[in-house]
Structures are given as structure tokens and as C-alpha cells.
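To keep things clear, I will list the structure first and then write my remarks on it.
Values in this text are rule-based calculations from the coordinates and carry no lab data. The structure displayed is predicted, hence computed values, not measured ones. Don't worry about glycine lacking a Cβ; one is built from the backbone with ideal geometry, like all the others, and counts go over all protein chains shown.
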């Protein structure tokens with residue numbers, strides 16, 4: 001009897017410990033984000049207050065209003081940055097997906113010489129640190145006159161994303177049985193038709209998750225963008241964030257507001273496809 | 001027909017080849033050449049002066065460079081190991097949860113959506129010695145009455161950067177290890193328990209070997225974009241104070257753009273590139289071996 005009670009007590013302690021651990025872990029994950037959101041809604045006086053004001057006394061959307069009301073107010077052309085970010089990220093994602101689908105299909109469906117070598121070569125191009133790549137790219141782009149243009153940054157991001165999209169999409173095409181496409185071809189489809197009618201719809205979740213990753217990479221990239229952009233013509237949000245840091249002072253509230261603006265599209269997109277995200281990554285990579 | 005028609009895989013891979021050649025390979029060749037010259041952005045003609053390995057020779061004896069190099073390796077090693085351990089812990093915690101798994105999993109992935117530059121800024125804000133959350137909390141709890149100079153002291157700044165980096169990237173490990181845990185068959189664990197294994201033994205000899213390939217995938221993915229730490233450091237300390245948190249990447253940026261010594265910066269870049277390739281290659285090999293161990297097809 002006594003042993004039973006001891007056992008039950010131990011189980012209970014374990015389960016409580018588990019809950020506490022889980023709660024703490026989740027708090028650590030969420031807290032920085034929540035703190036940013038909260039700070040963006042408070043007046044600067046409260047952020048800088050000493051001793052700290054823990055419970056916000058007044059909530060206002062001033063920072064957002066100032067940010068979106070143009071250059072005059074906050075001094076930062078957020079709308080331009082936002083538009084640049086969207087245009088560059090979406091375009092480069094679409095192109096990277098198209099190239100990735102072609103490449104992934106080739107790796108999944110054909111045998112050819114030097115296959116694993118080419119594959120490894122593709123992956124190695126991705127390992128080049130952005131800042132190391134930015135030095136020669138800066139030089140080349142300046143010579144070609146495509147520095148500070150959408151085109152230049154899109155080109156760079158496509159190259160950045162292609163290896164990873166090929167990797168993920170390759171894994172997904174491998175999961176689609178070859179027989180299905182062959183059956184379609186026997187029924188009179190061309191290979192092209194078989195791809196679009198049979199294989200593409202089946203691999204769509206994987207392609208979606210590859211797309212999200214490509215989008216997030218372009219949306220969040222800083223090392224290349226900080227050197228290849230100069231003005232509102234092509235500056236993206238991550239680079240724009242630095243506008244809030246002056247020589248000695250930082251406009252914390254404005255920065256927090258911009259941070260929220262940056263994270264919201266990324267979060268929304270991820271939630272839409274989050275179901276496919278994990279399965280996409282794992283099955284693509286494990287069985288790939 | 002004079003030219004044989006190119007085969008289907010060639011055609012399909014052609015766009016990828018072209019883009020990667022244009023944006024990565026050709027610029028890298030250019031930077032390789034310029035690493036043999038005293039090239040300065042302000043003196044464009046200097047790209048034609050060939051000095052052989054002088055830049056590299058200078059680097060080899062440059063103490064500052066090797067300190068930054070060593071610090072980068074240290075940061076990567078500590079960060080990757082910590083992320084692996086914490087990711088494992090987090091995955092086990094979430095896997096054991098009986099309710100709300102989907103919500104927990106979503107929250108777990110939360111940091112992955114953050115831009116590294118954003119994470120850098122966020123932690124710069126939190127570690128601010130005057131108005132930061134960390135100091136405010138420590139003071140409010142009465143643990144200390146002075147403002148800890150988190151980003152001003154060299155060692156503390158290194159820790160702050162490490163915290164930011166770990167916060168950002170633990171999710172990658174947690175997700176993969178969790179996927180591994182969920183894909184794991186139940187029978188071996190039950191068999192182990194029947195055979196009288198302690199929970200620790202079950203974990204060490206049954207669960208871990210099965211989950212390991214998943215951890216290595218996460219490692220491989222992480223090592224692919226390991227240099228993202230640049231963004232965090234750039235905004236948190238920018239290599240300061242007095243170069244005490246200078247990493248290879250911030251050093252490259254400073255030498256290349258601020259001092260406009262492109263040739264020298266490109267020579268440094270090659271060290272950084274080789275470092276990344278070594279990391280990736282190592283984990284690729286490990287991954288292949290681990291895959292074979294669980295009998296997955298390559």
C-alpha cells in the first residue's frame with residue numbers, strides 16, 4: 001500500500017514538473033515577441049521610465065499611425081520598404097519555385113551521371129555566407145548598374161533559395177509513386193501533361209512548404225540586402241529597421257512597431273500552411 | 001542532326017545552373033581573383049595588381065583575425081550544442097504533453113519566422129543596460145541593484161549574443177526531433193521496458209539512435225545558413241565593444257566596406273566559406289551514416 005502511494009506521489013510530481021517545464025519553455029519562447037508588441041503600443045516615456053513601468057498606463061497606436069503616415073511624421077518611408085519587400089520576396093519565391101520544381105523533378109525522376117556530385121555542389125553554393133557573397137556581388141552589380149534595383153535583389157534571392165527548394169521538392173516528388181505518372185502516360189498523356197495532372201497536385205503540399213521557406217528567407221534576409229540596396233527604390237524592411245538607429249539614440253517604440261509590421265505577414269503565411277510545413281521538411285529531408 | 005538533343009535532366013537543371021553560376025560561382029571566382037590583389041573600392045585600378053598570396057600571408061600573422069576566427073568557431077560550437085540539447089528537451093516536453101499538442105507545436109515554431117535582424121534588435125532592446133527587460137526584471141526581483149552592462153562588457157555581450165542565437169534557432173532542432181519522436185515505432189520501446197531497461201537506458205539506446213538522423217538533418221540545415229548570426233551580431237554589438245565580440249563575418253564587412261579593403265576582405269571570406277563548407281560537409285556525412293543506421297533509403 002505504502003509503495004503504491006509513493007508511486008502515485010512520484011507520478012504526480014513528475015506530471016507537475018512536466019507542466020511547469022512546458023510552461024516555462026513556452027514563456028521563454030513567447031515573451032520576447034510579446035514584449036515587442038507591448039512596447040510598440042506604449043508611449044516612449046513609459047519605455048524609458050526608471051523605475052520601470054510594468055503595467056502599461058495607456059495604450060496607443062501612435063507609433064503605427066506615425067509610421068504609415070509617410071516621411072514627414074516618423075521620418076521613415078515604411079510603405080516604400082513594405083512594397084519593396086513584398087515585390088522582391090514574392091517574385092523571387094515564384095521564380096525559385098519554378099526553377100526548384102524543374103530541378104527537383106530532374107533529381108527525383110532521372111538517372112544521370114554525377115547526380116550526387118551535382119546535388120552536393122548545389123547545396124554547397126548555399127553555404128557561402130551572405131556577407132562573403134555580398135562583396136563580389138556588390139562589385140558585379142555596381143558594374144552592371146543593377147545595384148539598388150528590385151531586379152538585382154530578386155536575382156540574388158533566387159540563387160539563395162534554389163538549392164533549398166530543389167532539396168525539398170526533390171524529396172516530395174520521390175514520394176509520389178512513379179507508376180502513377182506512367183499510368184497516365186499509358187492512358188495517352190504526354191509526359192508534360194502527366195506532370196501537371198498527376199504529379200504536381202500530389203506534390204503540392206511539399207511545394208507549398210518549399211515556397212514558404214523561400215519566402216521567409218527573402219523576407220528576412222539582411223546581409224545581402226544591406227549592401228545591395230541604397231535608397232527607397234529597393235530597400236527592404238530588414239534594412240529599413242536600421243533607419244531607427246541614429247548615431248547615439250534609438251527610437252525603440254518606432255522600431256518595435258516596425259518589427260510587428262515585419263513579423264505579421266510572415267506569421268500569417270506560416271499559419272496558413274503550417275500543417276504541411278513540418279511534414280514537408282521532414283519527409284522531404286529524411287526520405288530524400 | 002549535328003548536335004545531339006540535350007537530355008531531359010540537363011534541360012531541367014539548366015535554369016538552376018545558370019542562376020547559381022551567375023550569382024554565386026562567377027562572383028566567387030571574381031572574389032578569388034581579387035583576394036590575390038590589393039583591391040580597394042576607392043582605387044578601381046588596383047584590381048589589376050597581382051600580389052600573389054600576400055593577403056593570405058598577412059592574414060596568417062594577423063592576431064585580430066585569428067581571434068575573430070576562434071570566437072566564431074567557439075560561438076558556433078557552443079550554440080549548436082546548446083540548441084541541440086534544448087531542442088531535444090523541448091521536443092520531449094511537447095511530445096509528452098497530453099493536451100494542446102497542436103497549439104504547443106505552433107508556438108514552438110514561433111521563433112523560426114523571426115528575421116535574425118529582428119531577433120538581434122529584440123534582444124538588444126531586452127539586454128539594454130538602462131531600460132532593458134532583463135535588467136528591469138533582475139532589479140525588480142531584488143537580485144541585483146546595479147545595471148548589469150550586458151552589451152557593454154565583452155564576455156556578457158558574447159553571452160547575450162549566444163542567448164539570441166539560441167532563441168532563434170532552437171526551434172529548428174525541436175521540430176525535427178519532435179518529428180522523429182512521433183515517427184518512432186512503439187514496439188522497440190515496449191520491448192526495452194519488458195527487458196527491464198531504466199527510462200534513461202531506453203532513451204539512450206533505443207530512442208536516441210532513432211532520433212539522431214533527424215537531429216543531423218536539423219544540424220545540416222542550420223549549418224547551411226549558419227552565417228545568419230552575422231545579422232544578430234551586427235545589430236546587437238556590431239563587433240563591439242572594442243572588437244570583443246568581433247566575429248569573422250563582422251570583420252569581413254568592416255574590412256570590405258568601412259575600410260574598403262576589398263582584396264583583404266575577400267581573402268577573409270575564403271576562410272569563412274571554407275569554415276561553412278567544412279561544417280556542412282561534416283554533417284552531411286554524419287547524416288548519411290545515421291540514415292543508413294535506421295535503414296532509410298538514401
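Under the definition of Cα pairs under 8 Å and six or more residues apart, what whole-number percent is the relative contact order of chain A?
In percent, rounded to a whole number, it is 28.
Neighbouring Cβ atoms within 10 Å as the yardstick, rank B:286, B:234, B:43 fewest first.
In increasing order of surrounding Cβ atoms, one gets B:43, B:286, B:234.
I'd like to compare A:214-225, B:98-109: which one has the highest average count of other Cβ atoms within 10 Å, and what's the full order after that? Working shown, then result.
Working: A:214-225: 24.8, B:98-109: 14.9.
Going from most to least packed, we get A:214-225, B:98-109.
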*Over the whole of A:23-31, what's the average partner chain Cβ count within 10 Å per residue? Rounded to a whole number, please.*
5
_At a 10 angstrom cut-off on C-beta neighbours, averaged per residue, how do the peptides B:166-175, B:117-126 rank from highest to lowest?_
B:117-126, B:166-175
*What percent do you get for the relative contact order of segment B:192-298 when only Cα pairs under 8 Å and 6+ apart count?*
28 percent
*Residue exposure sequence - A:16, B:252 - by fewest surrounding Cβ within 10 Å*: A:16, B:252
*Per 10 Å bin, what is the whole-percent P(r) computed from every C-alpha pair distance within segment A:208-262?*
22, 44, 28, 5, 0
*Which of the peptides A:191-200, B:74-83, B:183-192, A:89-98 is most tightly packed, and how do the rest follow, judged by the mean count of other Cβ atoms within 10 Å per residue?*
A:89-98, B:74-83, A:191-200, B:183-192
